[in-house]
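> After the structure tokens below, expect a handful of questions from me.
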Amino acid sequence: MRRNMNVALVSLGLLLGTAGCNSFLTGDKLSTDPNNPAVATIQTLLVGIQGGQFAFQEGTVPTMVCMWMQQCGATNGRYVEQAGRYVFGAGSNIGANGGDWATIYTGGGLIDMDTIAKMAIVAGDSIFLGIDLVWKAFTLGSATDMWGSIPYTQIRTSPTPALDSQLVLYDTVQAMLSTAIRKLTSGVATLPTPHDLVLGGDPTKWIAVAHTLKARYFLHTVEAAANGKLGGRTVANVFTDALAEATSGISDATGASDFRSFHTGSGYPQSNAWFTFQDNSAFGGDLESGKALVDYMNARSDPRRADYFCQNSAGGYAGDDFNVPQADVSAFDCEPTRFSPAFRVPFVTYQENQLILAEANLALGNTAPAQANLQNAYDAVPLTGHTASAILPAALLDSIMMEKYVVMFQNIEALSDYRRTCIPNLAVVTPNVLSLTAVPGELFYPQTERNANANVPSESQEVTNHVRTQSDVTPCTGSGAQAYP
């Protein structure tokens, strides 16, 4: 199936397009097959949402997160401005992520996912519906992670939809994933096998992904629970739920059941977007490795360095520091594995699941299981010479989250992990244009959306709120790890 599908999975149009709600949420041609004037089929729509969300998960947003988390560095132009001075609003060269916002909602986004769901329900196909719901939960969860409160419940009925609370949307995402699990478990298939580029239409693998995502999104509410924002739910309740879900999550240590993008690598449109940016962009050389990540990996002789970075002129690895300029920094232009055309960028993985289990077990006082989960993550690399059972309980959270910091390279989840734990202990870039005293915690709403929808707050309001989402109560200021009450 994959060999026969000549689909443009990543395009500059998806990454750079802009529109406001009043222009992209209505119309009779939102979901059409570009190769056929007829209305798109459920299969072409499924391929379309995969392409659209691959673009989002590999595009500008993860690039920004990579720089904020100092996993990436920058040289020249807009990336130095964005990462070195936190210039990323409407007045910056990079804009305010209008194309990324559109990709969440328009063709290949939530609207098409709703259409797939309707078609699957009419056909009585639970497999199609379940896969679609996992994609929808992942898309909505990613959007609220990055923007906080966003339009959702009114996007189909109003040109100026109200914003739904981030914490309410996390509940919505959990409900979607629970429904997806039930539908996938039922196994009812009335349509041909889905053109599933990720897991080949395997319901068992999608069920495991859904459980891992549920665990992930439970963790995103830990800080809210600690500050009384979840009613009677406590931090222990949240970690208990995360542990239960991750226990049923991705368990295949080979990586064959990981939720990853798919690229043929045949030409730029069908290549990993990280490769496309580096190889076919005037700004490609502007992105390089970040000192915080490189230094940590160097200190442990991490074998993944060759997959992540190019060697510098001295034959080693060195990262960029926005506060203290570095010379002879490792770039990505040699096309290390993570930047190769056909590389399948990981979104949700066995390693993440093991590290969720480790964090939850530790928070609940289960030290030995937490150490075992961390060891499983080490062994999946494999990371020899690292024995999790030898790590003392006081140092265990740092070890878990630092391993996750490495694992989540190129993944927007790195920001949520940092907001929750303040690990690693990153130095805030100073001075910065917004006078922030902490790493930014969310994206600004696109100016296109702000122009079209009066419900969207101004950038000045977001700065007043310290550019933080509802679940990110206590900002990380570089003073060390954040303890769970």
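The values are calculated or read from the model by the stated rules, or taken from the named source; none is laboratory data. Note that the structure is predicted; figures quoted are calculated from it, not measured. Cβ sites come from the backbone with ideal geometry, for glycine too, and all protein chains shown count toward neighbours. These accessible areas exclude ligands, DNA and RNA; they are computed on the full protein's heavy atoms, side chains included. Shrake-Rupley method; radii C 1.70, N 1.55, O 1.52, S 1.80 Å.
> In this structure, does His466 turn out to be surrounded by fewer than 19 Cβ atoms within 10 Å (Cβ to Cβ), on the phi > 0 side of the Ramachandran plot and either in contact (Cβ under 8 Å) with a residue 40 or more places away in the chain or not acidic (Asp, Glu) (or both)?
Spelling it out, His466 is indeed surrounded by fewer than 19 Cβ atoms within 10 Å (Cβ to Cβ), on the phi > 0 side of the Ramachandran plot and either in contact (Cβ under 8 Å) with a residue 40 or more places away in the chain or not acidic (Asp, Glu) (or both).
> With respect to Arg300, is the statement that it is surrounded by fewer than 22 Cβ atoms within 10 Å (Cβ to Cβ) and more than 25 Å from the chain's Cα centre (by Cα) true? Don't jump to the end; show me each part of the working.
Details: surrounded by fewer than 22 Cβ atoms within 10 Å (Cβ to Cβ): yes; more than 25 Å from the chain's Cα centre (by Cα): yes.
Answer is yes for this residue.
> Failed condition for Ala331, given (1) surrounded by 15 or more Cβ atoms within 10 Å (Cβ to Cβ); (2) modelled with pLDDT of 95 or more; (3) among the aliphatic types (A, V, I, L, M), with all others met?
Unmet condition: (2).
> Would you confirm whether any residue within the range 251-266 is in a helix (DSSP H, G or I) and more than 18 Å from the chain's Cα centre (by Cα)?
no
> Given Pro382, Pro440, Pro424, which one is surrounded by fewer than 17 Cβ atoms within 10 Å (Cβ to Cβ) and either over 28 Å from Thr264 (Cβ atoms) or at pLDDT 95 or above (or both)?
Numbers: Pro440 fails: surrounded by fewer than 17 Cβ atoms within 10 Å (Cβ to Cβ); Pro424 fails: surrounded by fewer than 17 Cβ atoms within 10 Å (Cβ to Cβ).
Every option except Pro382 fails the conditions.
> Further, regarding this structure: Scan the range 128-142 and report the pairs whose first residue is without any contact (Cβ under 8 Å) to a residue 12 or more places away in the chain and whose second residue is assigned to a helix (DSSP H, G or I) and crowded, with 24+ Cβ neighbours inside 10 Å, with Cβ atoms within less than 6 Å and a gap of 6+ or a chain change.
From the range 128-142, no pairs qualify.
> Now a separate question. Quick one: what pairs do we get from the range 299-319, first residue free of Cβ contacts under 8 Å to residues at least 24 places away in the same chain and part of a loop (DSSP other than H, G, I, E, B), second open to solvent by 20 Å² or more (accessible area, probe 1.4 Å) and of a type in the set (A, V, I, L, M), C-beta under 6 Å, 6+ apart or different chains?
Between residues of the range 299-319 that are free of Cβ contacts under 8 Å to residues at least 24 places away in the same chain and part of a loop (DSSP other than H, G, I, E, B) and residues that are open to solvent by 20 Å² or more (accessible area, probe 1.4 Å) and of a type in the set (A, V, I, L, M), the close pairs are Asn312/Ala318.
> Here's something else I'd like to know. Where residues in the range 389-400 are out of contact with any Leu (no Cβ under 8 Å at 6 or more places or on another chain) and in a helix (DSSP H, G or I), which of them is surrounded by the most Cβ atoms within 10 Å (Cβ to Cβ)?
That would be Asp398.
> Scan the range 171-182 and tell me whether some residue there is in contact with a strand residue (DSSP E or B) (Cβ under 8 Å, 6 or more places away or on another chain), surrounded by fewer than 23 Cβ atoms within 10 Å (Cβ to Cβ) and either part of a loop (DSSP other than H, G, I, E, B) or of a type in the set (Val, Ile, Thr) (or both).
yes
> Right, another one. Would you check if there is a residue in the range 336-345 being buried (at least 16 other Cβ atoms within 10 Å of the Cβ), modelled with pLDDT of 95 or more and closer than 28 Å to Val222 by Cβ?
Scanning the range 336-345 turns up at least one residue that is buried (at least 16 other Cβ atoms within 10 Å of the Cβ), modelled with pLDDT of 95 or more and closer than 28 Å to Val222 by Cβ.
> Can you say whether Val439 is farther than 22 Å from His220 by Cα and part of a loop (DSSP other than H, G, I, E, B), as far as the supplied structure shows?
When the stated conditions are applied, Val439 does not pass them.
> So which residues in the range 346-377 are surrounded by fewer than 20 Cβ atoms within 10 Å (Cβ to Cβ) and of a type outside the set (Val, Ile, Thr), if there are any at all?
Passing the criteria: Leu364, Gly365, Asn366, Ala368, Pro369, Ala372, Gln375, Asn376.
> Follow-up question, since we're still on this one. Counting only residues that are hydroxyl-bearing (Ser, Thr, Tyr) and closer than 19 Å to Arg216 by Cα, which one in the range 112-156 is surrounded by the most Cβ atoms within 10 Å (Cβ to Cβ)?
Thr144
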